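Nothing in this text is a laboratory measurement; each read-out follows from the coordinates by a stated rule. Values in this document were obtained by computation on a predicted structure and should not be read as measured data. Don't worry about glycine lacking a Cβ; one is built from the backbone with ideal geometry, like all the others, and counts go over all protein chains shown.
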């Protein structure tokens, strides 16, 4: 089983899309194993976006991500990192295909609703920024045998 961090950004929260977007991950058969509503501080923003802090666009990114509440979630499932990123679509909602989250709900590069980890190392680092181990609750839903074969793990 693989885990990824998902952030429903301030634009997603303000537009009241939390439930609609989380439902897509659940409908896909992924498990939400941690969830919290919070505000990102400038310090946390700098940690999360460490590779971008020195770039000219960072001040606007920090202003955006700290501008309102977000929902942080850990989603678990087979190949979840790759599949979630495919479900999100291209970074710019203007370039994202219809049927993807950004393609259906976003018309902006920055106001693109959702962040998802881009690989296993990033997922581990980002999960540790937002959740303590005791805040992660893994459980096997009773419908799992109807979502994938017993030899898929």
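A few notes on this one:
- Some residue of the range 58-79 being surrounded by fewer than 19 Cβ atoms within 10 Å (Cβ to Cβ), under 25 Å from residue 153 (Cα atoms) and out of contact with any strand residue (DSSP E or B) (no Cβ under 6 Å at 6 or more places or on another chain): yes
- Single match in 51, 43, 26 (criterion: surrounded by 12 or more Cβ atoms within 10 Å (Cβ to Cβ) and out of contact with any helix residue (DSSP H, G or I) (no Cβ under 9 Å at 6 or more places or on another chain)): 26
- Residue 59 falls short of the stated requirement of being over 22 Å from residue 121 (Cβ atoms) and touching a helix residue (DSSP H, G or I) at 6+ places or on another chain (Cβ under 7 Å).
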